[in-house]
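The values are calculated or read from the model by the stated rules, or taken from the named source; none is laboratory data. These numbers come from a predicted model, not from an experiment. Positions of Cβ are backbone-derived with ideal geometry, glycine not excepted, and every protein chain shown enters the neighbour counts.
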Amino acid sequence: MPSSDPLAPKEGALFRKILKCYEMKQYKNGLKLAKQILANPKYTEHGETLAMKGLTLNGLGRREEAYKYVRLGLRNDLRSHVCWHVYGLLQRSDKKYDEAIKCYRNALKWEKDNLQILKDLSLLQIQMRDLEGYKETRHHLFTLRPSQHASWIGFAMSYHLLGDYEMANNILETFSQSQTSIEAHDYRHSELLLYQSQILIESSHLQQALEHLKKYESQIVDKLAVRETMGDLYIKLQQPEKAVPIFDALIRRNPENVLYYEQYLIARQVSEASEKVALFREFQAKYPRALCPRRLPLNIATGDAFREVTDEYLRRGLRKGIPPLFVNVRALHQQVDKAKTIEALALQYFENLTRSGHFSREDADAGAPVEPASALVWTALFLAQHYDYMRDTDRALECINVAIDHTPTLIELLITKGRIFKHAGDAVEAYIWLDEAQSMDTADRYINSKCAKYMLRANMIQEAEEICAKFTREGVSAMDNLNEMQCMWFQTECALAYQRMGRWGEALKKCHEVDRHFAEIIEDQFDFHTYCMRKMTLRAYVGLLRLEDVLRRHPFYFKAAKCAIEVYIRLYDKPLKSEATIEEIDIENLPPSELKKLRSKQRKAKKKAELESAQAAQAQVKREQHQKSKQQATQETDPDAPQLDELVPEKLERTDEPLEKAIEFLKPLQQLAKDRIETHLLAFEVYYRKNKPLLMLQSIRRARAINSAHPELHSCIVRFMKALKADSDQRRCNAHVQQVLDKANQELIGTKTPQQLNDEFIAKNNASILHLYEGARGLYELDASKKDAAINLITSFDLSKLRLEEAIKIYMALRDGDVFGECEAKAAAYKQACHNRFQYARIFRNVEELEAQLQEKVAAKLRAEQEQQLNHLDVSESAGMADAAF
Amino acid sequence: MTRSSIELGDVTPHNIKQLKKLNTVVFPVSYNDKFYVDVLEAGELAKLAYYNDIVVGAVCCRIDSTENQRRLYIMTLGCLSPYRRLGIGTVMFEHILNYAENDGNFDSIFLHVQINNNGAIEFYKKFGFEIVDTKEQYYKRIEPADAHVLQKTLRRKNTPPNSHHQNHHLTNGAVNEKKERRT
């Protein structure tokens, strides 16, 4: 279709050149050509040329001018598909996909069969998951170009994604019948066949899928996929005997795939544990180097059989010195009797290795060769890890110290010692050991990362960053590089550290950074829409689309989102003062001496602040320069990347609408992590503060469906009742709403009063501290005069039955005074009691004691250094010491 | 002992603290920072010994040019006590001897040992060392303070064999020179 505002032949040729230049990214030439056309007085207002000028400017990163010219062009020629298409492309490069779709649709109004525009539109539709629209566009493309492969594939896929398997399969079937000559090893054809079988399987046409695979087996290149799928289909089609040889062969191909063994056992139709273990024994003999057939029977066997297979497994691991041996068997500890057996075996090894160098007395008596000298240290490490898992800190430390005395150069021992302290509640001592471990092998990135993580647990963010800098790119700050690398564990741990320290803005910044990574990952799928279609990797492509749909289900997102929501709630409950008002203290009521002190303090603070602001200004200048150079760099490589707002902690923590921000993080959780009760408990906290009874109710009901006995749920119900009552005292809500709420009330507590409900809850759950805690909260919440009773309820609980995390939760509630009001004395007493129970936990120790300890450490270090100095003097230049027996 | 492996590995800035740790545990004297700076430059003359992938021993030597001679001086050679009598010292010493023999320009290898350290004296005698001197009050803060000087004369390739020499029985191949830990 001709342009609505045609150019003369000479200018027309120039315009086509502009298009060429744009495709070739010769933006400067493009601009010159555009200038030539626009210089002609007849065409100064020519819409399409102006639009192209704008698009070309966008290619040069001059975004604002780009918008100006494109819009101007469009205004001058609203009936041009070129102008609309260009506007769409510009919006697309700005990631405004919804707007871009509208533009393409307008373009198609004037040029309904333009292939390029249709293709661009389909990409946006699939990116935005407008599946109906995608189907229509693909259909349109199909009718325009029925001879092209891509038309068929896209058409079929659009039906598949909509769940119309029948139609998708029919299209593919027709297509593959029209294919006449198939070359050998045609990967794309092979993928297409497998894709078709996937569609058949998803539509539960298993028999058909099996026949399809059998028929085309020779043409499919991915033999592994064929065997795996066929084996699976035979099992599902109740023909297990045919699956046996398939999985047998698959295990031979890869004896370390757990799934194959599971399928094999199903196919063999064995149900008795002893039979299963016997089958694994066969595999052990067949594949002596494989780990799977040795480890898997530990899950199945019980009693003496378990002892036997575990004995073999542990001996082998300790003999070879496999560092993660304990981690490999940790899952078994969930069964009490298995944990006991493992402990007994390890103790037996330790005793016999110490005495004779054998794992057992039988070995020693039989005169078997002794085990390697390293077996003892690995056994001691294993025992330490075992006791640590059981939270028996004293015995764990005893074992790890034995191990360190035995082999002080084994780095794994230092890591474990740190971990023991971490679990015992001393994050600082834990990090010191990790730092030591890290210094022993600075080329080991695993230990480096672990050390950084432990530092963050001890709230040492700067130190952690410095440690990480040993492995990040040079010339950039480690924090920036880690963000660029989407190093989410680090950022989340940072956020949590800032949260613990009450640096809310910094915590939020880290959470938002993690959120942006997820947005970016979703963004990144754009390239795959064209790539996967072209390469015909359709199974992987559909897998990718489905993954992106649920991306924020990932635990990384959950952790960061939970942190962000908690911080926003905190900021809602206790908003920060604006920066200016912080300084204003009540001066009038101070005695003169105090006033003097205060004044000098203020002077010092002011000086310090001035210095800091000067430094900050300098840093700002530096940052800006950095930003500028970065912008230039990105513009050279990727002109499409839109600029995101900089995350400024001071602004983030002073948001006007913390709850709305919290909801932004909450929404994906409600959608994708709805099987986690924390999601709904967090949701309740947000809606409770927004006073939205229906949404509170929704959260409670969803949480109840997951675990109606969860302790925190009780507190939600009590507060919900309270909120309803306050509400109905004030005003009556909509009759329908009231009806729903009344019904819910009935369902949740019947005719009881909240007090009765709370009393019953306490009586029913008096063996669980977390339940009692929520009960006590309710007690105080409903009647503040019962404060003492509430506190006594939890502080009188038998401490020996308490876990460390529980004790910390309760102590912090008492200490901070935001749950039961001020109760300093009780908190102090509780702290002392907890200190006696959990002697290593830092939170229960006195500041003075910790400081004394620290000073003692510094002094010890000094002494050691002095001693070394002395030794230096002693050992003359040539002194040597070729020591010991070998 | 078929299940165990003994290998030698380089001392690098990344693992030097393992060497320090080892020397601190094994020897009653501690060495200054210069010692460790030099060790990093010593190449094949400083090695860590790995037993089943664990650092359990180390040897550090330097070339001594005093007394108009070119001699190889063993500054330290030691092994953690639970890993003694497993052949680790032999592997380390043979590596050093091998180095000296291949070089061919050493007059001798020598070292100091505390006079009561019979284990070490026996060990070196096995390899043809002899006590050539005893220095009184060699060590300052440890007892006994006297040290024997043990020496093993070598045959120089480039000088006429006019001096006496012994035959050495060498077992090669036990020495694995490169060992990188996971990075």
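Go through the stretch A:701-723 and give me each residue that's over 19 Å from A:L772 (Cβ atoms) and out of contact with any helix residue (DSSP H, G or I) (no Cβ under 6 Å at 6 or more places or on another chain).
A:R701, A:R704, A:A705, A:K722, A:A723
Report yes if A:L57 is out of contact with any Cys (no Cβ under 7 Å at 6 or more places or on another chain), assigned to a helix (DSSP H, G or I) and within 16 Å of A:L90 (Cα to Cα), otherwise no. Answer is yes for this residue. Within the stretch B:46-63, residues that are within 9 Å of chain A (Cβ to nearest Cβ) and at positive phi reach partners that are of a type in the set (A, V, I, L, M, F, W, C) and in a strand (DSSP E or B) with beta carbons closer than 9 Å, at six or more positions or on different chains, in the pairs B:N52/B:I6. Note on the stretch A:274-321: enclosed helices (runs of 4 or more DSSP H) holding 3 or more residues that are closer than 30 Å to B:Y51 by Cα are A:292-295, A:303-320.
Please verify whether A:A168 is surrounded by 22 or more Cβ atoms within 10 Å (Cβ to Cβ), modelled with pLDDT of 95 or more, out of contact with any Pro (no Cβ under 6 Å at 6 or more places or on another chain) and under 30 Å from A:D524 (Cα atoms), treating the condition exactly as stated.
Working: surrounded by 22 or more Cβ atoms within 10 Å (Cβ to Cβ): yes; modelled with pLDDT of 95 or more: yes; out of contact with any Pro (no Cβ under 6 Å at 6 or more places or on another chain): yes; under 30 Å from A:D524 (Cα atoms): yes.
Criteria met by A:A168.
In the stretch A:358-379, which residue that is assigned to a loop (DSSP other than H, G, I, E, B) and among the hydroxyl-bearing types (S, T, Y) is surrounded by the fewest Cβ atoms within 10 Å (Cβ to Cβ)?
If we take residues in the stretch A:358-379 being assigned to a loop (DSSP other than H, G, I, E, B) and among the hydroxyl-bearing types (S, T, Y), then A:S360 is surrounded by the fewest Cβ atoms within 10 Å (Cβ to Cβ).
Of all residues in the stretch A:36-47, those that are farther than 18 Å from A:L74 by Cβ and surrounded by 12 or more Cβ atoms within 10 Å (Cβ to Cβ) total 2. Yes or no: the stretch A:872-883 includes at least one residue that is outside any helix (DSSP H, G or I), at pLDDT 55 or above and over 30 Å from B:T24 (Cβ atoms). There is no residue in the stretch A:872-883 that is outside any helix (DSSP H, G or I), at pLDDT 55 or above and over 30 Å from B:T24 (Cβ atoms). For residues in the stretch A:435-460 being of a type in the set (A, V, I, L, M) and within 14 Å of chain B (Cβ to nearest Cβ), which is farthest from A:Q853 (Cα to Cα)? So, considering only residues that are of a type in the set (A, V, I, L, M) and within 14 Å of chain B (Cβ to nearest Cβ), the one farthest from A:Q853 (Cα to Cα) is A:A443.
Would you list the helices (runs of 4 or more DSSP H) that sit entirely within the stretch A:709-770 and hold 1 or more residues that are touching a residue at least 60 places away in the same chain (Cβ under 8 Å) and within 17 Å of A:Y688 (Cβ to Cβ)?
Ranges flagged: A:711-730.
In the condition set (1) within 12 Å of chain A (Cβ to nearest Cβ); (2) touching an Asp or Glu at 6+ places or on another chain (Cβ under 8 Å), B:S81 is compliant with all but (2). Select from the stretch B:1-12 the residues that are in a loop (DSSP other than H, G, I, E, B) and β-branched (V, I, T) and list them in ascending order. Selection gives B:T2, B:V11, B:T12. A single entry from A:E805, A:E781 fulfils the requirement of being touching a residue at least 40 places away in the same chain (Cβ under 8 Å) and of a type in the set (D, E): A:E781.
Being more than 30 Å from A:S158 (Cα to Cα), touching a Pro at 6+ places or on another chain (Cβ under 7 Å) and assigned to a helix (DSSP H, G or I) is true of A:Y568.
Counting only helices (runs of 4 or more DSSP H) that fall entirely inside the stretch A:64-176 and contain at least 3 residues that are in contact (Cβ under 8 Å) with a residue 40 or more places away in the chain, the qualifying elements are A:81-93, A:115-127, A:149-161. Close contacts from the stretch A:461-485, counting a first residue that is among the basic types (K, R) and a second that is surrounded by 16 or more Cβ atoms within 10 Å (Cβ to Cβ), with Cβ to Cβ under 9 Å and a gap of 6+ residues or different chains, come to A:K470/A:Q438; A:K470/A:T442; A:K470/A:N448; A:K470/A:A478; A:R473/A:N481. Would a scan of the stretch B:16-32 turn up a residue that is more than 27 Å from B:A147 (Cβ to Cβ) and at the interface with chain A (Cβ under 8 Å from one of its Cβ atoms)? Scanning the stretch B:16-32, I find at least one residue that is more than 27 Å from B:A147 (Cβ to Cβ) and at the interface with chain A (Cβ under 8 Å from one of its Cβ atoms), so the answer is yes. The condition of being surrounded by fewer than 19 Cβ atoms within 10 Å (Cβ to Cβ), part of a helix (DSSP H, G or I) and out of contact with any strand residue (DSSP E or B) (no Cβ under 8 Å at 6 or more places or on another chain) holds for A:L259. Checking each residue in the stretch B:116-139 for being more than 8 Å from every other protein chain (Cβ to nearest Cβ) and either under 15 Å from B:T76 (Cβ atoms) or part of a loop (DSSP other than H, G, I, E, B) (or both) picks out B:N116, B:F127, B:G128, B:F129, B:E136, B:Q137.
When you check A:Y261 against the structure, is it under 29 Å from A:T407 (Cα atoms) and in contact with a Pro (Cβ under 9 Å, 6 or more places away or on another chain), yes or no? It is false that A:Y261 is under 29 Å from A:T407 (Cα atoms) and in contact with a Pro (Cβ under 9 Å, 6 or more places away or on another chain).
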